[in-house]
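S.K.: Supplied in structure tokens, the structure appears directly below.
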Amino acid sequence: MTRATRVLGEDELEPGTLRGVEVDGRRYCLARTLAGEVFAVTDRCSHEDEPLSGGWIDGDRVECPAHNAVFDLRTGEALALPATEAVETYAVEVVDGEVRLVLPD
């Protein structure tokens with residue numbers, strides 16, 4: 001089972017930006033591409049425990065602010081060293097002006 005949890009208003013996540021949010025004690029990084037797509041990944045680089053929400057978006061990729069590891073926002077795949085392990089991805093819904101994170105129960 002899954003549940004969709006409202007994490008912020010759609011207008012709070014501008015295109016080309018990242019935003020860290022916390023749900024049930026876990027941190028997530030929300031990303032809105034310049035094309036308007038919204039993605040969610042764990043807000044932790046797999047190389048070191050750095051918040052990805054402090055990084056940058058480049059297309060559909062997020063770059064870690066600490067050591068420039070790059071991850072695919074669609075799949076979580078590590079695309080650039082020093083990261084070699086993927087980060088977790090999560091489904092996102094944008095409904096009635098709300099960004100909702102879809103999480104397992």
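The values are calculated or read from the model by the stated rules, or taken from the named source; none is laboratory data. None of these values were measured; they are calculated from a predicted model. Positions of Cβ are generated from backbone atoms using ideal geometry, with glycine treated the same way; all protein chains shown enter the neighbour counts. The area values use the complete protein model at the heavy-atom level, side chains included, leaving out ligands, DNA and RNA. Shrake-Rupley method; radii C 1.70, N 1.55, O 1.52, S 1.80 Å.
S.K.: Take residue 93 and decide whether it is open to solvent by 20 Å² or more (accessible area, probe 1.4 Å) and assigned to a strand (DSSP E or B).
M.R.: Values: open to solvent by 20 Å² or more (accessible area, probe 1.4 Å): yes; assigned to a strand (DSSP E or B): yes.
In short, yes.
S.K.: Residue under question is residue 19, and the condition is that it be over 19 Å from residue 5 (Cβ atoms), open to solvent by 30 Å² or more (accessible area, probe 1.4 Å) and of a type in the set (Lys, Arg); does it hold?
M.R.: no
S.K.: Follow-up. Please list, ordered by first then second residue, the pairs with beta carbon atoms under 8 Å, 6 or more apart or interchain, first in the range 46-69 and closer than 18 Å to residue 36 by Cα, second hydroxyl-bearing (Ser, Thr, Tyr).
M.R.: What qualifies is 57/17; 57/33; 59/33; 60/33.
S.K.: Kindly list the number of the only condition in (1) open to solvent by 60 Å² or more (accessible area, probe 1.4 Å); (2) among the hydroxyl-bearing types (Ser, Thr, Tyr); (3) not in a loop (DSSP other than H, G, I, E, B) that fails for residue 28.
M.R.: Here residue 28 meets the rest and fails (1).
S.K.: Continuing with the same structure: So residue 8 passes all but one of these: (1) open to solvent by less than 50 Å² (accessible area, probe 1.4 Å); (2) outside any strand (DSSP E or B); (3) out of contact with any helix residue (DSSP H, G or I) (no Cβ under 8 Å at 6 or more places or on another chain). Which condition number does it fail?
M.R.: Going through the list (1) open to solvent by less than 50 Å² (accessible area, probe 1.4 Å); (2) outside any strand (DSSP E or B); (3) out of contact with any helix residue (DSSP H, G or I) (no Cβ under 8 Å at 6 or more places or on another chain), residue 8 breaks only (2).
S.K.: (1) open to solvent by 20 Å² or more (accessible area, probe 1.4 Å); (2) part of a strand (DSSP E or B): which one isn't true of residue 53, the others all being true?
M.R.: For residue 53, the failing item is (2).
S.K.: Looking only at the range 66-81, which residues are in a loop (DSSP other than H, G, I, E, B), open to solvent by 50 Å² or more (accessible area, probe 1.4 Å) and more than 14 Å from residue 40 (Cα to Cα)?
M.R.: Answer for the range 66-81, where residues must be in a loop (DSSP other than H, G, I, E, B), open to solvent by 50 Å² or more (accessible area, probe 1.4 Å) and more than 14 Å from residue 40 (Cα to Cα): 67, 68, 81.
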